[in-house]
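What follows is a single structure, written as structure tokens, with notes after it.
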Amino acid sequence: MADRVTVIGWDGSPLTGAATAALSAATLVAGAAHHLALPEVPANAERIRLGSIDLAARRIALHRGSAVVLADGDPGFFGVVRNLRAPEHGLEVEVVPAVSSVAAAFARAGMPWEDARTVVAHPRTLRRAVNVCRAHHKVAVLTSPGAGPAELALLLEGVHRTFVICEELGTTREQVTVVTSDKAADHVWRDPNVVIVIGGGPEPQATGAWIAGCHPAYPRGVRGWALPTEAYRGDTTEAGGQSGEGESPGLRAAQLARLGPRTGDLLWDIGSGSGALAVEAARFGAAVLAVDSDPAACARTTAAARAFGVQLQVVEGRAPHVLERLPEPDVVRIGGGGVPVVTAVTERRPERIVTHASTRDEAEALGAALGANGYTVRCSLLQSVELDTAAWSERERSVVFLLSALRSDLAP
């Protein structure tokens with residue numbers, strides 16, 4: 001194997017003394033075309049044009065001498081270092097980093113970025129990267145051919161965002177462009193580029209921030225999940241403060257547990273009601289589309305999202321017809337609509353679906369529809385009783401059938 005492997009980051013600025021020394025001793029240099037054209041690359045060194053990192057790593061492993069790998073930005077941040085250190089190659093590397101392309105992009109934009117999420121968009125991960133852009137106020141997207149600014153914009157249709165597009169950072173062709181997301185698809189963008197995606201409300205304040213990549217997505221002093229329904233509605237419900245069958249905190253907690261929404265997912269909440277489940281799913285980091293035919297329910301969901309500081313998209317319309325124009329979901333909560341809505345959802349093939357029923361006959365009909373359309377179904381009867389601790393008397397009782405379905409190709 002190579003006697004020594006040095007990975008050098010390049011950000012367009014002059015190379016450091018350590019990088020220059022490593023290059024001058026190199027007998028093999030790997031990198032992109034613009035790296036191999038640097039004057040510091042020895043004329044007699046073997047040169048490898050980087051395409052497949054694994055192929056290059058195998059060549060380096062067989063080389064006797066000193067090898068250098070040149071990469072843009074910080075090669076330890078979504079870069080070649082992880083590939084080169086893979087056990088199958090057996091390479092031990094030294095790293096001379098440069099400013100990462102993400103840090104450079106935010107510097108060009110003059111923006112702080114401790115609160116930003118960073119994602120990599122390849123054609124196979126583009127949809128998940130877009131879901132992160134839906135769910136968070138500030139996201140840096142490291143793009144690739146076929147998953148660039150135009151593709152991001154097309155998948156964000158209906159969601160207003162601002163794009164700061166940084167092309168070919170560190171080169172003489174560097175360019176920074178600010179456009180709204182609805183205009184980004186009208187241009188051809190040069191690779192490589194970094195897209196800073198911003199929007200969905202005012203920028204969160206970083207006062208007291210201590211962790212990178214996020215801010216606490218709830219009002220100060222609020223802790224926990226499955227909060228009372230009135231915490232989301234801002235008032236009490238009818239019938240003496242009792243919530244409806246599909247709005248009980250216990251049912252909501254069980255539904256969230258079955259769905260497991262996470263960063264990169266898109267959740268449909270059909271029949272969003274108070275917005276409680278939609279908001280709690282967004283607090284887990286998922287992108288959320290809250291669907292309801294009632295304008296008042298849509299307004300409540302919007303207000304709840306604003307109060308808890310989360311991003312979600314509210315869609316007013318009646319299922320199943322409104323579902324036809326929505327982007328592909330990963331997980332779905334169905335709050336009503338019966339078998340026609342369940343059937344329409346199964347046609348979109350989400351990984352997990354939860355719904356509920358008030359009677360056994362209804363539960364059997366919903367379960368049969370899920371099973372007939374390629375889902376493995378579980379059903380539980382949930383009963384909860386809330387007590388008034390002043391008199392230790394019953395305040396509210398909830399009895400409901402919970403159905404959870406996992407796409408059959410994912411079932412154990």
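The values are calculated or read from the model by the stated rules, or taken from the named source; none is laboratory data. Worth saying up front: this structure is predicted, and the values here are computed from it rather than measured. Quick reminder, even Gly has a Cβ in these numbers, built from the backbone with ideal geometry, and neighbours come from all protein chains shown. Each accessible area value is taken on the protein alone, full model and side chains, heavy atoms only, with ligands, DNA and RNA left out. Shrake-Rupley method; radii C 1.70, N 1.55, O 1.52, S 1.80 Å.
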What's the total number of residues in segment 56-74 that are modelled with pLDDT under 95 and farther than 18 Å from ARG4 by Cα? 2
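Here's the yes/no breakdown for (1) more than 27 Å from the chain's Cα centre (by Cα); (2) over 20 Å from VAL120 (Cβ atoms); (3) surrounded by 14 or more Cβ atoms within 10 Å (Cβ to Cβ); (4) among the aromatic types (Phe, Trp, Tyr):
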| residue | (1), (2), (3), (4) |
| --- | --- |
| GLU46 | yes, yes, yes, no |
| GLY51 | yes, no, no, no |
| ALA61 | yes, yes, yes, no |
| SER66 | yes, yes, yes, no |
| ASP72 | no, no, yes, no |
| LEU84 | no, no, yes, no |
Restricting segment 86-115 to residues that are open to solvent by 40 Å² or more (accessible area, probe 1.4 Å) and closer than 20 Å to THR16 by Cα, the one farthest from the chain's Cα centre (by Cα) turns out to be GLU94
Just one listed residue, out of THR118, THR20, is touching a Leu at 6+ places or on another chain (Cβ under 8 Å) and either open to solvent by 60 Å² or more (accessible area, probe 1.4 Å) or at pLDDT 95 or above (or both), and it is THR118
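Output the residue which, of all residues in segment 383-412 that are part of a loop (DSSP other than H, G, I, E, B) and more than 30 Å from THR343 (Cβ to Cβ), is nearest to the chain's Cα centre (by Cα).
Looking at residues that are part of a loop (DSSP other than H, G, I, E, B) and more than 30 Å from THR343 (Cβ to Cβ), I get THR389.
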Condition first: aliphatic (A, V, I, L, M) and surrounded by 19 or more Cβ atoms within 10 Å (Cβ to Cβ). Now tell me which residues in segment 23-44 satisfy that. LEU23, ALA26, LEU28, VAL29, ALA30
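Test ALA30 against the stated conditions and say whether it is part of a helix (DSSP H, G or I) and small (Gly, Ala, Ser). Quick ask: steps written out before the conclusion?
Values: part of a helix (DSSP H, G or I): no; small (Gly, Ala, Ser): yes.
When the stated conditions are applied, ALA30 does not pass them.
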For segment 355-382, which positions are open to solvent by less than 60 Å² (accessible area, probe 1.4 Å) and either in a strand (DSSP E or B) or more than 18 Å from ARG333 (Cα to Cα) (or both)? THR355, HIS356, ALA357, TYR375, VAL377, SER380, LEU382
Please go through segment 331-354 and give me each residue that is in a helix (DSSP H, G or I) and touching a strand residue (DSSP E or B) at 6+ places or on another chain (Cβ under 8 Å), ordered by number. VAL341, VAL342, VAL345, THR346
Does ALA304 qualify as being at pLDDT below 95, closer than 24 Å to VAL130 by Cα and outside any loop (DSSP other than H, G, I, E, B)? yes
Scan segment 390-403 and tell me whether some residue there is of a type in the set (Gly, Ala, Ser), in contact with a Ser or Thr (Cβ under 7 Å, 6 or more places away or on another chain) and either loosely packed, with under 14 Cβ neighbours inside 10 Å or under 15 Å from VAL332 (Cβ atoms) (or both). no
